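Here it is, the structure, as structure tokens.
The values are calculated or read from the model by the stated rules, or taken from the named source; none is laboratory data. Just so we're clear, the structure is a prediction, and the values are computed from it rather than from any experiment. Cβ placement follows ideal geometry from the backbone for every residue including glycine, while neighbour counts extend to all protein chains displayed. These accessible areas exclude ligands, DNA and RNA; they are computed on the full protein's heavy atoms, side chains included. Shrake-Rupley method; radii C 1.70, N 1.55, O 1.52, S 1.80 Å.
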Amino acid sequence: MLNIVDILKTELLGMGKGLVTLIPNLAIAIVVLLITWIVARFASRIADRITGKTAMRESLKALVDTVVKLAIWLAGLLIALAILLPGLSAGGLIAGLGVGTVAIGFAFQDIFENFLAGVLIMLRDKMQIGDAIEVEGILGKVEHISLRETHIRQFTGELTVCPNSMLFKNPVKILTEQPIRRWEVTVGVSYDTDLDHATDVIKKSLEGLEDVAEDKPIDVYVANFGGSSVDFMIRWWCGSMPRDMFAIRDDIFKRVKAGLEAADIEIPFPYITHTFKEPVPFLPAPEKAQD
């Protein structure tokens, strides 16, 4: 029992002496980390000023800022470790970092996947901040792109935070990649309508439509034989944001309805026709009871 106590005392005394010996190196390492923090802040400001004078995209500016900070902090941490552990050589440190990186990579695979996807998203030309996009049923405007996640403000007001890997692996529809895009609506008329006459009426009702592309005509086509109507497709070009489409679509529906009604052309309700293969017997109406 006494041997165990003596061994414990010896070990604790050795640890205490080692800790006291390590205090100066620990203080210097802390100072190095503090200097690293200050240098990283100044370097980030300098990088922001340099990139701010260029036509670089906002996502690339954020990437440059992150890479500068990451490089400075990595150098500062390596210097601090070398001071704190003097016996650690550069080769051993690099080897340790390699083994640690593999272990951390397996443990945080999703995080590193999102990180790499964020870098690639920032580097490519498409999908910039302010673009309206649609991905995996999420429709909204890109507000922020970081190395791990992208913030999408939906048009209904909600903010959706998407992992970058989702945006990189799945098809992304960029609605505002071009300043204008084509939209379309469907309008039905009754089957007894003269289709050429209906086409002329619809085109005339759309004359003078505002906020549409002047160099692209409004198309009116017979598109489909529906269950209760012959359907016309109306196509036009306007701003690529959904709100541009909603405003013009509202005007189109009002104009077309007024034009068809003025021309006595029916916009039918859904019709249902029942067909019976055999005669259906009709029972006589019951006689009213006499007093």
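How big is the accessible area of His144 in square angstrom, nearest 10, if you roll a 1.4 angstrom probe over the protein chains?
Rounded to the nearest 10, that gives 80 Å².
Would you count, across region 102-234, every pair of lysines whose alpha carbons are under 26 angstrom apart, provided the pair is eight or more residues apart or spans two chains?
So the count works out to 9.
Give me the log10 of I(q) over I(0) for region 242-289 at q = 0.13, 0.14, 0.22 Å⁻¹, as the Debye formula computes it from C-alpha points; what are the numbers?
Listed by q, the Debye log ratios stand at -0.63, -0.65, -0.91.
Can you tell me the order of 270-276, 161-167 when each peptide is scored by its average per-residue count of other Cβ atoms within 10 angstrom, highest first? Walk me through the numbers on the way to the answer.
Working: 270-276: 6.7, 161-167: 18.9.
Going by the mean number of other Cβ atoms within 10 Å, highest first, we get 161-167, 270-276.
When all C-alpha to C-alpha distances in region 139-242 are sorted into bins of 10 Å, what percent of pairs does each bin hold, rounded to whole numbers?
12, 30, 23, 21, 12, 2, 0
If you don't mind, another one. In units of 2.2 N^0.38 Å, what is the alpha-carbon radius of gyration of region 204-259?
Dividing the Cα Rg of region 204-259 by 2.2 N^0.38 Å gives 1.19.
Suppose R0 equals 35 Å. What FRET efficiency, 1/(1 + (r/R0)^6) with r the Cβ-Cβ distance, do Asp231 and Glu136 give to the nearest 0.05? Before the final figure, lay out each step's value.
Values: r = 30 Å, r/R0 = 0.87.
With R0 = 35 Å, the Cβ-Cβ based efficiency is 0.70.
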